[in-house]
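Presented below is the structure to which this report refers.
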Amino acid sequence: MDIGDLVRLKQPFQPESDSDRTYSYGIIAGIVWSEGASFPSPPVEIVLHLYDPDTQQIYTDAAGLQAIYAFRPNELEQV
């Protein structure tokens, strides 16, 4: 996995508790490694922009910002 890759969430994610909209895909915006980890250690978290492949749009929050969310690598699979 690398920045810019499309990934599938193993469990749908609901960014807004008052909405029934869920996301099953994301685009990698960043990768977080453990401090002091030696390469090529596995990442600790993968930071995503939620993505809707049907509309080809990145999720934006109520403020109009492209929100980011962190997931553990075992919560994702590469597309």
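Using only alpha carbon pairs under 8 Å that are at least six residues apart, calculate the relative contact order of the chain and give it in whole percent. Before the final figure, lay out the partial values.
Numbers: 149 pairs, mean separation 24.6, N = 79.
Here the relative contact order equals 31 percent.
Mind listing which trypsin sites (Lys or Arg not before Pro) in the range 1-57 are in a DSSP loop and have 15 or fewer other Cβ atoms within 10 Å? Intermediate results must be reported in sequence, preceding the final value.
Working: sites: Arg8, Lys10, Arg21; in loops: Arg21.
Qualifying residues, ordered by number: Arg21.
Just reorder Asp2, Asp18 by solvent-accessible area, largest first, 1.4 Å probe, all chains present. Don't skip to the answer; put the middle values down first.
On the way: Asp2 90, Asp18 135 Å².
Correct descending sequence by accessible area is Asp18, Asp2.
Given that compact globular proteins tend to follow 2.2 N^0.38 Å, what is the ratio of the alpha-carbon Rg of the chain to that value? Please list the in-between numbers first.
Values: Rg = 13.1 Å, N = 79, 2.2 N^0.38 = 11.6 Å.
Taking N as the residue count of the chain, the ratio is 1.13.
Count charges around Phe71 for me, please; just the other residues with Cβ under 10 Å from its Cβ, Lys/Arg as +1, Asp/Glu as -1.
Values: positive: Lys10, Arg72; negative: Glu45, Glu75.
Around Phe71, the surrounding residues sum to 0.
Between Glu45 and Glu16, what length in nm is gained on full extension when 0.36 nm per residue of separation is reduced by their alpha carbon distance? Write down the numbers at each step before the final one.
Working: separation 29, 0.36 × 29 = 10.44 nm, distance 2.10 nm.
Gain on extension, Glu45 to Glu16, equals 8.3 nm.
What does the net charge come to around Ile31 if you take all other residues with beta carbon closer than 11 Å to its beta carbon, with K and R at +1 and D and E at -1?
So the environment of Ile31 carries a net charge of -3.
The values are calculated or read from the model by the stated rules, or taken from the named source; none is laboratory data. Keep in mind it's a predicted model, so treat the numbers as computed, not measured. Ideal geometry is used to build each Cβ from the backbone, glycine not excepted, and the neighbour counts take in all protein chains shown. Accessible surface is based on the protein model in full, side chains and every heavy atom, while ligands, DNA and RNA are left aside. Shrake-Rupley method; radii C 1.70, N 1.55, O 1.52, S 1.80 Å.
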